[in-house]
Amino acid sequence: MKAEFTVNGSARTFTFEPDERLLITLRNHGYTEVKNGCLEGVCGACVILLNDKPVNSCQVLTASVTGQTITTVRGIGTLHTPHIIQEAFVEAGAVQCGFCTPGMITAAYALLRENPDPSEAEIKNALDGNLCRCTGYVKIIEAVQRAAQRLRETQGNE
Amino acid sequence: MKKYTRIGKAELKIDSLSLATGNHKFTDDFAVKDSLHLALLYSPHAHAEILDIDDSEARKSSGVMGVFHYKNVKPILHTTAGQGFPEPSPYDTVLFDKKVRFVGDKVAMVAAKSLKEAREALKKIRVEYKILDPLFDPEKAMEADAPKLHGPDHHAAIPVTYDPDKNLAAEVEIGFGDLKKGESEADFIVDETYHAHYASHCAIEPHSVKTFFDEMGRLVIISSTQVPFHARRIVSKVCEFPLAKIRVVKPRIGGGFGAKQEVMLEQLAAWVTIKLKQPATLILSREEVFRSSRTRHPVRTRLTMGVKKNGEITFLDMNTLLNSGAYGTHALTVLSNCGAKVLPLLNKIENLHFLGRSVYTNLPVGGAYRGYGATQGYFALNQHLDIISRKLHVDFIDFVKKHHIREGETSQVFKAIGEGTEGVTQTVKSCELDACLDWGARAIGWKDKRGKRITNGDKVRGIGAAVAMQGSGIPLIDMGAASMKINDDGSFNLDVGATDIGTGSDTILAQIAGEVLGVGPDKIIVLSSDTDRTPFDVGAYASSTTYISGGAVKKCAEKIREQIFDVAVTMKGWDRKDLVLAEESVKNRKTGETVSLSDIAVFALYTKDQFQIQASASHTAPESPPPFIAHFVELDVDKRTGKVDLIRVATAVDCGQAINPVLAEGQVEGAVVNGLSYAMAEKYVFTSKGNLINAHFKDYKIFTAADLPEMKTHIVESYEETGPFGAKSVAEIGINVSMPAIANAIYDAVGVRLFQAPFTPDKVYAALKKAGQL
């Protein structure tokens, strides 16, 4: 099958099997920043934004996203122009193996857009769908708090 | 404390931004053109003989390029344990056997043009099984009429006890003093049995491998491995392919925790590439990881200790039964560490006996798992110390302080138990366990809360503690090596065999080199674990990287420093003894003059008597200095439902000088949360036929951010004189303590003792009921 949809601001045509999951399609087309940890909709390594909402891309049929808008962690920020959340993850020591990190940052990005000043409990709940086995989550939570504060300051200055 | 420029600083992990932006590649992120995809057929039976395999329909299936099984793959005995050579694990495995030994054991492999086609073809393989009696109970494994799992040709590669006729994968027995004397001197004896259970490592990246031939016809293996050099050696042996024609590349690894110290997939993909001359990709599904890769060995520990009224321990007898599952990978060494990493903590005991046995069963295969036996052993020991101190009416902390090993002291156990051989005699040169205990007790409010049973409705508050030690590498066995060279601008390449699997070892090794050479991590380009390009290292296991590989990096950088001084002397005519390395330069202490590393590099490379400033160094250690930990848990037990709520935990670690305190804390926090999750949620559930029924994240719960209690972590000040800049290990120790501390806290709250985790409401409820509290 073929369909057109937009990833990180670029509309392009994707080729895929009729029953293919969006995660697999994205990875097959070079978006390897979207990670495959379980294909069961539990680990959260494949979280992307679908029309600005965080979803596990392994639970979405590619055929269902025709014409829609997808953002991966590279759409949030890149190595040369990182987003404040990505910088905060680096500074807080929240990245160990980094396999869960793209999904984690995408989930955090979605949270902070909805709720710029989340409590610790709200951060924990927002990240409940993202498994990490390396960090124990402590520095991830700290990174989100750090990013939230900096984003608020940045927006306050604008 | 020593003053450092780079050591002890929270330098940013050098690969973290590239990971946070999704830039860095893991194994499955490499695009390998025209790769075949591999799928594995697994045994549905716990124990069976394969009478026949008919692959004729599968071979005709769409896209199929090859089908592999016992009929067409040469059976070369080996172990999948990625350990040093010769491996201390028994040679009891071949690529495809005529016998299957657990539900999930591999039977056949299909190589096809797509994963879908490979999986479709699996369904067309006809296997005729003769079902054999299964063996599930490790306690019965050594009985004369127990089913036998392994054949007569299976053997140990080193002279150790191995007896497949008794399903005995390994046995370790040591002792000193006189138990009978200890018994007669005791005022009371505490004899209890503890069960540590199965668990999955749950690295979020599943085991992954890609193989292909490069332009020169050499076999390239990109693998999610903790042990690239061992993988190269084992693949060469099992595939009978020259080692010189194999290159193992370690990209970014999505967590290991011991799971990827196993060489299981590399030889399968390599076999396909060698036979079919095509690239191959093998990525395990999450279900395959749970079911067919490796697990934490379940261990039953019976601990018997005699105690005098004055608190003296008159004897200790530890009887350990390790369920190795269907194969004996790490069966000897994890078993050894159940004693070797645990018993030296109580080094004043004069009468001691340890008997450990690892037995085969028709259940999933154990393996290396962070903690490596110490987790299982400390679950028993810490509860035992809690029971004894309560009987003595002595505070747990005071009791531990009275008995634990201290600086300047040794334990006979260090020498008695090694890794399949004798261990080494060593004296503890740094131990800040008292400081750990004191910090943790303050952080948790031990004095105010212990034994108070503060009640709020149905909930009762409890508080518990646990302590542990670990090691830093395997003495006289583990070796790490490093090489370095200078570049025109005074930057350095640092090539290490050490295997960063997400721990941050690339970063801390750069900090160690940077401390010697006066440069920051931005001036050190680290390449780790490429068997063509970096020197050897045993890999990421046994908490060895900081201590062993770090030692190699330090030596290597010191050799580079000497060459830099040579050039400075030639350039400036300075007296060598006046030279020190300062910030990116050599400084003459006498005159205050400096010359930059960049000028030195340019002089050496282009100006006169040109040469490359370069060096390499290797490091082994005659001892394995233990880090220490104290861990405290505060929780509520709901007396009506049996539900346990974790409120807060406090953890203090003595890891020597932390090279990078933020990364060290991260290691401790990650290990502790894994330990909490193991204690509270994780378990393998089997049918009566040995079939794992919860091989999915949706059924096998691991902790998320939402499950966290309040977490306090502290690295105490410490200095280990034998370590690089005072460092010991930190990666494993944190996982050993939560399960016993929680059990001790549950007892503190409600007076019932749980000898087996996870501490789910049903278990706690049943224990309360049994104790007559409901």
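The values are calculated or read from the model by the stated rules, or taken from the named source; none is laboratory data. Just so it is clear, the structure is predicted and the values come from calculations on it, not from any experiment. Positions of Cβ are backbone-derived with ideal geometry, glycine not excepted, and every protein chain shown enters the neighbour counts.
When B:Val413 is evaluated against the numbered criteria (1) without any contact (Cβ under 8 Å) to a residue 12 or more places away in the chain; (2) in a helix (DSSP H, G or I), which criterion, by number, is the only one it fails?
(1)
Got at least one residue in the stretch A:29-41 being buried (at least 20 other Cβ atoms within 10 Å of the Cβ), more than 9 Å from chain B (Cβ to nearest Cβ) and either over 16 Å from A:Leu131 (Cα atoms) or modelled with pLDDT of 95 or more (or both)?
No, the stretch A:29-41 contains no residue that is buried (at least 20 other Cβ atoms within 10 Å of the Cβ), more than 9 Å from chain B (Cβ to nearest Cβ) and either over 16 Å from A:Leu131 (Cα atoms) or modelled with pLDDT of 95 or more (or both).
All but one of (1) part of a helix (DSSP H, G or I); (2) surrounded by 15 or more Cβ atoms within 10 Å (Cβ to Cβ) hold for B:Ala108, so report the exception by its number.
Of everything listed in (1) part of a helix (DSSP H, G or I); (2) surrounded by 15 or more Cβ atoms within 10 Å (Cβ to Cβ), B:Ala108 misses just condition (1).
Report yes if B:Asn493 is surrounded by fewer than 24 Cβ atoms within 10 Å (Cβ to Cβ), in contact with a Leu (Cβ under 8 Å, 6 or more places away or on another chain) and either without any contact (Cβ under 8 Å) to a residue 40 or more places away in the chain or outside the structural domain of B:Pro627 (by TED's automatic domain parsing) (or both), otherwise no. Before the answer, list the steps.
Details: surrounded by fewer than 24 Cβ atoms within 10 Å (Cβ to Cβ): yes; in contact with a Leu (Cβ under 8 Å, 6 or more places away or on another chain): yes; either without any contact (Cβ under 8 Å) to a residue 40 or more places away in the chain or outside the structural domain of B:Pro627 (by TED's automatic domain parsing) (or both): yes.
Yes, satisfied.
Could you list all residues from the stretch B:698-727 that are out of contact with any helix residue (DSSP H, G or I) (no Cβ under 6 Å at 6 or more places or on another chain) and assigned to a loop (DSSP other than H, G, I, E, B)?
The answer is B:Lys698, B:Asp699, B:Tyr700, B:Lys701, B:Thr704, B:Leu708, B:Pro709, B:Glu717, B:Ser718, B:Glu721, B:Thr722.
Hey, can you tell me all the residues within the stretch B:505-528 that are touching a residue at least 60 places away in the same chain (Cβ under 8 Å) and among the hydrophobic types (A, V, I, L, M, F, W, C)?
Residues of the stretch B:505-528 touching a residue at least 60 places away in the same chain (Cβ under 8 Å): B:506-508, B:510-512, B:514-521, B:523, B:526, B:528.
Matches in the stretch B:505-528: B:Ile508, B:Ala510, B:Ile512, B:Val516, B:Leu517, B:Val519, B:Val526.
Among the numbered conditions (1) out of contact with any helix residue (DSSP H, G or I) (no Cβ under 8 Å at 6 or more places or on another chain); (2) in contact (Cβ under 8 Å) with a residue 60 or more places away in the chain; (3) of a type outside the set (Gly, Ala, Ser); (4) closer than 30 Å to B:Asp636 by Cα, tell me where B:Thr421 comes up short.
In the conditions (1) out of contact with any helix residue (DSSP H, G or I) (no Cβ under 8 Å at 6 or more places or on another chain); (2) in contact (Cβ under 8 Å) with a residue 60 or more places away in the chain; (3) of a type outside the set (Gly, Ala, Ser); (4) closer than 30 Å to B:Asp636 by Cα, B:Thr421 misses (4) alone.
Being of a type outside the set (Ser, Thr, Tyr) and either free of Cβ contacts under 8 Å to residues at least 24 places away in the same chain or in a strand (DSSP E or B) (or both): is that true of B:Glu183 here?
Working: of a type outside the set (Ser, Thr, Tyr): yes; either free of Cβ contacts under 8 Å to residues at least 24 places away in the same chain or in a strand (DSSP E or B) (or both): no.
Against the criterion (of a type outside the set (Ser, Thr, Tyr) and either free of Cβ contacts under 8 Å to residues at least 24 places away in the same chain or in a strand (DSSP E or B) (or both)), B:Glu183 does not qualify.
Out of the stretch B:692-739, which residues are aliphatic (A, V, I, L, M), surrounded by 17 or more Cβ atoms within 10 Å (Cβ to Cβ) and facing chain A (nearest Cβ under 9 Å)? Step through it out loud before you land on a result.
Let us first name the residues in the stretch B:692-739 that are aliphatic (A, V, I, L, M), namely B:692-693, B:695, B:702, B:705-706, B:708, B:711, B:715-716, B:727, B:730-731, B:733, B:735, B:737, B:739.
If we keep only those that are surrounded by 17 or more Cβ atoms within 10 Å (Cβ to Cβ) too, we end up with B:692, B:695, B:702, B:705, B:708, B:711, B:715-716, B:727, B:730-731, B:733, B:735, B:737, B:739.
Matches in the stretch B:692-739: B:Ile702, B:Ala705, B:Leu708, B:Met711.
How about the stretch B:728-768: which of its residues are in a helix (DSSP H, G or I) and among the basic types (Lys, Arg)? Steps first, answer last, please.
Initial filter on the stretch B:728-768 (in a helix (DSSP H, G or I)): B:733-736, B:738-750, B:761-768.
B:Lys763, the sole residue that qualifies.
Each row is one residue, and each column tells you yes or no for (1) closer than 26 Å to B:Glu312 by Cα; (2) touching a helix residue (DSSP H, G or I) at 6+ places or on another chain (Cβ under 8 Å); (3) polar (S, T, N, Q).
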{"position": "B:Asn347", "(1), (2), (3)": "yes, yes, yes"}
{"position": "B:Asn351", "(1), (2), (3)": "yes, yes, yes"}
{"position": "B:Arg357", "(1), (2), (3)": "no, yes, no"}
{"position": "B:Tyr369", "(1), (2), (3)": "no, yes, no"}
{"position": "B:Tyr372", "(1), (2), (3)": "no, yes, no"}
{"position": "B:Gln376", "(1), (2), (3)": "yes, yes, yes"}
{"position": "B:Gln383", "(1), (2), (3)": "yes, yes, yes"}
{"position": "B:Lys391", "(1), (2), (3)": "yes, no, no"}
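What's the number of the condition B:Thr375 fails, among (1) surrounded by 21 or more Cβ atoms within 10 Å (Cβ to Cβ); (2) under 24 Å from B:Asp187 (Cα atoms); (3) among the β-branched types (Val, Ile, Thr)?
Result: B:Thr375 passes all but (2).
Select the strands (runs of 3 or more DSSP E) contained entirely in the stretch B:1-83, then report the ones holding at least 2 residues which are of a type in the set (Asp, Glu), loosely packed, with under 15 Cβ neighbours inside 10 Å and more than 13 Å from chain A (Cβ to nearest Cβ). Even if it seems obvious, please write down each step before you answer.
Values: elements: B:36-42, B:48-54, B:64-68.
Of the strands (runs of 3 or more DSSP E) lying wholly inside the stretch B:1-83, those with at least 2 residues that are of a type in the set (Asp, Glu), loosely packed, with under 15 Cβ neighbours inside 10 Å and more than 13 Å from chain A (Cβ to nearest Cβ) span B:48-54.
Could we say that A:Thr71 is touching a Ser or Thr at 6+ places or on another chain (Cβ under 8 Å), more than 10 Å from chain B (Cβ to nearest Cβ) and buried (at least 24 other Cβ atoms within 10 Å of the Cβ) here?
On the way: touching a Ser or Thr at 6+ places or on another chain (Cβ under 8 Å): yes; more than 10 Å from chain B (Cβ to nearest Cβ): yes; buried (at least 24 other Cβ atoms within 10 Å of the Cβ): no.
Considered against the rule, which asks whether it is touching a Ser or Thr at 6+ places or on another chain (Cβ under 8 Å), more than 10 Å from chain B (Cβ to nearest Cβ) and buried (at least 24 other Cβ atoms within 10 Å of the Cβ), A:Thr71 comes out as no.
Just to verify a result, which residue in the stretch A:42-57, among those that are under 18 Å from B:Thr704 (Cα atoms) and not aliphatic (A, V, I, L, M), is nearest to the other protein chains (Cβ to nearest Cβ)? Let's see the steps before the verdict.
Step one: list which residues in the stretch A:42-57 are under 18 Å from B:Thr704 (Cα atoms), which gives A:42-47, A:54-56.
When the remaining residues are screened for being not aliphatic (A, V, I, L, M), the result is A:43-44, A:46, A:54, A:56.
Working: A:Cys43: 6, A:Gly44: 9, A:Cys46: 11, A:Pro54: 14, A:Asn56: 11 Å.
If we take residues in the stretch A:42-57 being under 18 Å from B:Thr704 (Cα atoms) and not aliphatic (A, V, I, L, M), then A:Cys43 is nearest to the other protein chains (Cβ to nearest Cβ).
Across the stretch B:695-733, which residue is farthest from A:Gly44 (Cα to Cα) among those that are without any contact (Cβ under 8 Å) to a residue 60 or more places away in the chain and of a type in the set (Lys, Arg)?
B:Lys701
Filter the stretch A:94-149 for residues that are acidic (Asp, Glu) and more than 7 Å from chain B (Cβ to nearest Cβ); which is nearest to the chain's Cα centre (by Cα)?
Start the filter on the stretch A:94-149 by keeping residues that are acidic (Asp, Glu), which leaves A:114, A:117, A:120, A:122, A:128, A:142.
If we keep only those that are more than 7 Å from chain B (Cβ to nearest Cβ) as well, we get A:114, A:117, A:120, A:122, A:142.
On the way: A:Glu114: 14, A:Asp117: 19, A:Glu120: 19, A:Glu122: 17, A:Glu142: 17 Å.
It comes out as A:Glu114.
Looking only at the stretch B:214-233, filter to residues that are part of a helix (DSSP H, G or I) and in contact with a strand residue (DSSP E or B) (Cβ under 6 Å, 6 or more places away or on another chain); which one of those is surrounded by the fewest Cβ atoms within 10 Å (Cβ to Cβ)?
We begin by selecting, within the stretch B:214-233, every residue part of a helix (DSSP H, G or I); these are B:228-233.
Filter once more, so that each one left must be in contact with a strand residue (DSSP E or B) (Cβ under 6 Å, 6 or more places away or on another chain): B:228, B:231-232.
On the way: B:Pro228: 28, B:Ala231: 30, B:Arg232: 25.
This residue is B:Arg232.
Where in the stretch B:502-602 are the strands (runs of 3 or more DSSP E), entirely inside, with at least 3 residues that are more than 27 Å from A:Val90 (Cα to Cα)?
Details: elements: B:524-528, B:579-582, B:585-588, B:594-596.
Because the criterion is at least 3 residues that are more than 27 Å from A:Val90 (Cα to Cα), the strands (runs of 3 or more DSSP E) in the stretch B:502-602 that meet it are B:579-582, B:585-588, B:594-596.
Here is a list: B:Asp530, B:Asp506, B:Asp575. Which entry is more than 14 Å from every other protein chain (Cβ to nearest Cβ), within 30 Å of A:Cys100 (Cβ to Cβ) and out of contact with any His (no Cβ under 9 Å at 6 or more places or on another chain)? Give the steps one after another, and end with the answer.
On the way: B:Asp506 fails: more than 14 Å from every other protein chain (Cβ to nearest Cβ); B:Asp575 fails: within 30 Å of A:Cys100 (Cβ to Cβ).
Being more than 14 Å from every other protein chain (Cβ to nearest Cβ), within 30 Å of A:Cys100 (Cβ to Cβ) and out of contact with any His (no Cβ under 9 Å at 6 or more places or on another chain) holds for just one of B:Asp530, B:Asp506, B:Asp575, which is B:Asp530.
Taking the stated definitions as given, is B:Thr641 in contact with a helix residue (DSSP H, G or I) (Cβ under 6 Å, 6 or more places away or on another chain), modelled with pLDDT of 95 or more and part of a loop (DSSP other than H, G, I, E, B)?
Numbers: in contact with a helix residue (DSSP H, G or I) (Cβ under 6 Å, 6 or more places away or on another chain): yes; modelled with pLDDT of 95 or more: yes; part of a loop (DSSP other than H, G, I, E, B): yes.
Against the criterion (in contact with a helix residue (DSSP H, G or I) (Cβ under 6 Å, 6 or more places away or on another chain), modelled with pLDDT of 95 or more and part of a loop (DSSP other than H, G, I, E, B)), B:Thr641 qualifies.
Within the stretch B:404-418, is even one residue surrounded by fewer than 15 Cβ atoms within 10 Å (Cβ to Cβ), among the small types (Gly, Ala, Ser), closer than 22 Å to B:Ile349 by Cβ and under 28 Å from the mean Cα position of the chain (by Cα)?
Yes, some residue in the stretch B:404-418 is surrounded by fewer than 15 Cβ atoms within 10 Å (Cβ to Cβ), among the small types (Gly, Ala, Ser), closer than 22 Å to B:Ile349 by Cβ and under 28 Å from the mean Cα position of the chain (by Cα).
Which count do you get for residues in the stretch A:74-91 that are within 8 Å of chain B (Cβ to nearest Cβ), surrounded by fewer than 24 Cβ atoms within 10 Å (Cβ to Cβ) and closer than 29 Å to B:Lys9 by Cα?
7
With the condition kept exactly as written, say whether any residue in the stretch B:381-392 is in contact (Cβ under 8 Å) with a residue 60 or more places away in the chain, surrounded by 24 or more Cβ atoms within 10 Å (Cβ to Cβ) and either under 22 Å from the mean Cα position of the chain (by Cα) or part of a loop (DSSP other than H, G, I, E, B) (or both).
Yes, the stretch B:381-392 has at least one match.
Checking the structure you have, find out if any residue of the stretch B:623-635 is within 30 Å of B:Glu720 (Cα to Cα), out of contact with any Gly (no Cβ under 7 Å at 6 or more places or on another chain) and either surrounded by fewer than 20 Cβ atoms within 10 Å (Cβ to Cβ) or of a type in the set (Asp, Glu) (or both).
yes
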